[in-house]
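The block underneath contains the structure these notes are about, expressed in structure tokens.
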Amino acid sequence: MKSSVRWQFAWFLFLPITWIMSLDRTAMTVAAPVMQKDLHFTLTQMSWILTAFHWAYAICSIPAGVFTAWAGARVALVIANAAWSALTLAIPFAGTATALTGLRFALGGFQAVDMPASITAFKNWFPTGERARANSALLAGVYLGPIMGAPLTVYLVGAFGWRAAFIAFGGLGIVSAVIWWMLFRDTPGQHPAVSEAERLLIREGQLEAPMRAKASLREMAGRFAFWTIGLQGLCTGVVMGFFNTWLPTYLMQERGVALKSLGFFSSLPWMILLLVVFIASVLEDAILKRSGSVWLARMPAAILGFCITATCLWLTAHTAATGPALILLAAGLGGMGFVQASTWSTIQEVGGDNTSILAAWNGMLTNGAAALGPMLMAGLVSRQGNWSDALSGVAMVALAGAAIWTLIHRRASRRLAA
């Protein structure tokens, strides 16, 4: 095909919108050490501010999935995008820990809509054999936030103060919401630019049955995969919670990285993660095409990723030299690229009519763990004065994630074959 609307959406609409959304998250994490000093907050206060996002994301994920199923991805995402962008614009005007915690909580609540809406949209717009690669565009937007957002935020903070970053990123978000509403439609059949050949390719390439009924949380909760996918999401959340919340602080306080170098060293692990996501997504789609086995395409990669992460984080905790520790951190987050590539494709394949619900369930548990994990880590660090035991604990959780993945896709494969 000379033109593919679905891939244009993936790379030139979903990726930029998700990237801007990720900037809103990244700005607070990167600016946290400066904000903590400027506003005279304690580490505990900063942990509440930073993790409030994840608590709200967890609490609002199921309602966000139900809302997306009812309203459709187009309506749900334009409302959420406009709201989280406005909240980002409001952050510079909040000067207390309570106000900032409240704004971060609201931000997380509205951003909980993004994954259910985006994953549902990709399920409708892509055949099964292309979804891992399509999802990589979505994940690229998420991970380009820390990659590009860290040095960009460091620059804005250094040149104009920490408030400038939130004003810039919030303004971009408002623009992206308008563009989304103008360009996107919920299904290929609703979009005038999609050819009949592309519609046929998408329809015939979807292994699961077309959506016929409204999403049902009760139906989804009765499936074994609902619980195993949620459990691996808990493990993912603990791991990602450290990198999302504490990586810049860890690098400055534990490893002595200067602010001028923080942008690069905070971005490096996310660069590796993005590279691995692209590699894993291509490999998984190729394995699925060659073998016809969803189990073989998804499960081994996820197990490998969790094992890599566990090994690297444990070694980081017991490595005194800063250079090797930075390399291990990058490799550790990179391992999660295999997990993420498998997770979202599995949600689309297992979810069927309930994809938005399953995506929301995974998001709820992942972000709940991403909120609780950093708080527990902060408590350990405050009591012990170092990060070794905290990182070792995260490594053990990653090993548990690998074990859980052995239970997921055996059941899922039977469903697709039925």
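Output the residues belonging to the range 1-27 that are of a type in the set (Ser, Thr, Tyr) and either surrounded by 20 or more Cβ atoms within 10 Å (Cβ to Cβ) or touching a Gly at 6+ places or on another chain (Cβ under 9 Å) (or both).
Filtering the range 1-27 down to residues of a type in the set (Ser, Thr, Tyr) leaves 3-4, 18, 22, 26.
Selection gives Thr18, Ser22, Thr26.
Hey, can you tell me all the residues within the range 251-281 that are of a type in the set (Val, Ile, Thr) and either crowded, with 24+ Cβ neighbours inside 10 Å or over 28 Å from Leu15 (Cα atoms) (or both)?
Narrowing the range 251-281 to residues of a type in the set (Val, Ile, Thr): 257, 272, 276-277, 279.
Answer for the range 251-281, where residues must be of a type in the set (Val, Ile, Thr) and either crowded, with 24+ Cβ neighbours inside 10 Å or over 28 Å from Leu15 (Cα atoms) (or both): Val257, Val276, Val277.
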Margin query: Going by what's in this entry, would Leu315 be described as closer than 23 Å to Ile229 by Cβ, out of contact with any Ser or Thr (no Cβ under 9 Å at 6 or more places or on another chain) and modelled with pLDDT of 85 or more?
Written below: no
Next item on the list: Would you check if Gly256 is within 23 Å of Ser47 (Cα to Cα) and touching a residue at least 40 places away in the same chain (Cβ under 8 Å)?
Entry: yes
Check: Counting just the residues of the range 331-355 that are within 15 Å of the chain's Cα centre (by Cα) and open to solvent by 10 Å² or more (accessible area, probe 1.4 Å), which one comes out modelled with the highest pLDDT?
Finding: Phe338
Next item on the list: Give me a count of the residues in the range 184-203 that are surrounded by 15 or more Cβ atoms within 10 Å (Cβ to Cβ) and part of a helix (DSSP H, G or I).
Entry: 5
Note to self: Filter the range 304-330 down to the residues that are open to solvent by 40 Å² or more (accessible area, probe 1.4 Å) and either under 23 Å from Gly237 (Cα atoms) or touching a residue at least 24 places away in the same chain (Cβ under 8 Å) (or both) and list them by number.
What the structure shows: Leu304, Cys307, Ile308, Thr311, Trp314, Leu315, His318, Thr322, Ile327
Item checked: Number of the exception - Ala82 against (1) in contact with a Leu (Cβ under 6 Å, 6 or more places away or on another chain); (2) modelled with pLDDT of 95 or more; (3) surrounded by fewer than 24 Cβ atoms within 10 Å (Cβ to Cβ) -> (1)
Checklist line | Residue pairs meeting the criteria (Cβ under 7 Å; at least 6 apart or on separate chains; first without any contact (Cβ under 8 Å) to a residue 40 or more places away in the chain, in the range 166-185; second open to solvent by less than 80 Å² (accessible area, probe 1.4 Å) and in a helix (DSSP H, G or I)) | finding: Ala168/Leu156
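What about Thr18, is it without any contact (Cβ under 8 Å) to a residue 12 or more places away in the chain and among the β-branched types (Val, Ile, Thr)? Lay out the reasoning, then the answer.
Numbers: without any contact (Cβ under 8 Å) to a residue 12 or more places away in the chain: no; among the β-branched types (Val, Ile, Thr): yes.
Taking the combined requirement at face value, the residue does not satisfy it.
Give Val257, Val239 a once-over and let me know the one that is among the β-branched types (Val, Ile, Thr) and under 15 Å from Ala310 (Cα atoms). Spell out how you get there, then give the answer.
On the way: Val257 fails: under 15 Å from Ala310 (Cα atoms).
Only one candidate qualifies: Val239.
Rundown of residues vs (1) part of a helix (DSSP H, G or I); (2) closer than 24 Å to Asn244 by Cβ; (3) under 16 Å from the mean Cα position of the chain (by Cα), yes/no style:
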{"site": "His54", "(1), (2), (3)": "yes, yes, yes"}
{"site": "Arg74", "(1), (2), (3)": "yes, no, no"}
{"site": "Ser85", "(1), (2), (3)": "yes, yes, no"}
{"site": "Ala90", "(1), (2), (3)": "yes, yes, no"}
Note to self: Among the residues of the range 109-166, what is the count of those that are surrounded by fewer than 23 Cβ atoms within 10 Å (Cβ to Cβ) and of a type in the set (Lys, Arg)?
What the structure shows: 2
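Residue by residue, here is whether (1) over 18 Å from Met21 (Cα atoms); (2) modelled with pLDDT of 90 or more; (3) in contact with a helix residue (DSSP H, G or I) (Cβ under 7 Å, 6 or more places away or on another chain); (4) of a type outside the set (S, T, N, Q) holds:
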| residue | (1), (2), (3), (4) |
| --- | --- |
| Ile119 | no, no, yes, yes |
| Ala132 | yes, no, yes, yes |
| Pro151 | no, no, yes, yes |
| Val175 | no, yes, no, yes |
| Phe184 | no, yes, yes, yes |
| Ala221 | yes, no, no, yes |
Margin query: I need the full set of residues from the range 209-218 which are modelled with pLDDT of 55 or more and either in contact with a Phe, Trp or Tyr (Cβ under 6 Å, 6 or more places away or on another chain) or surrounded by 15 or more Cβ atoms within 10 Å (Cβ to Cβ) (or both), in order please.
Written below: Ala215, Leu217
Next item on the list: Give the number of residues within the range 366-385 that are farther than 21 Å from Thr29 by Cβ and either surrounded by 24 or more Cβ atoms within 10 Å (Cβ to Cβ) or not small (Gly, Ala, Ser) (or both).
Entry: 2
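For Ser291, state whether it is without any contact (Cβ under 8 Å) to a residue 60 or more places away in the chain, over 30 Å from Arg131 (Cβ atoms) and open to solvent by 10 Å² or more (accessible area, probe 1.4 Å). So that I can check it myself, show each step before the final result.
Numbers: without any contact (Cβ under 8 Å) to a residue 60 or more places away in the chain: yes; over 30 Å from Arg131 (Cβ atoms): no; open to solvent by 10 Å² or more (accessible area, probe 1.4 Å): yes.
Answer is no for this residue.
So which residues in the range 233-258 are among the hydrophobic types (A, V, I, L, M, F, W, C) and touching a Gly at 6+ places or on another chain (Cβ under 6 Å)?
Initially, the range 233-258 is screened for residues among the hydrophobic types (A, V, I, L, M, F, W, C), giving 234-235, 238-240, 242-243, 246-247, 251-252, 257-258.
Matches in the range 233-258: Cys235, Val238.
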Notebook entry, point to check: Restricting to the range 28-66, what's the tally of residues that are crowded, with 21+ Cβ neighbours inside 10 Å and closer than 21 Å to Gly230 by Cα?
Noted result: 12
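The values are calculated or read from the model by the stated rules, or taken from the named source; none is laboratory data. Nothing here was measured: the structure is a model prediction, and the numbers come from that model. So basically every Cβ, Gly included, is an ideal-geometry build from the backbone, and we count neighbours across all protein chains shown. Only protein heavy atoms, including side chains, enter the accessible area calculation; ligands, DNA and RNA are left aside. Shrake-Rupley method; radii C 1.70, N 1.55, O 1.52, S 1.80 Å.
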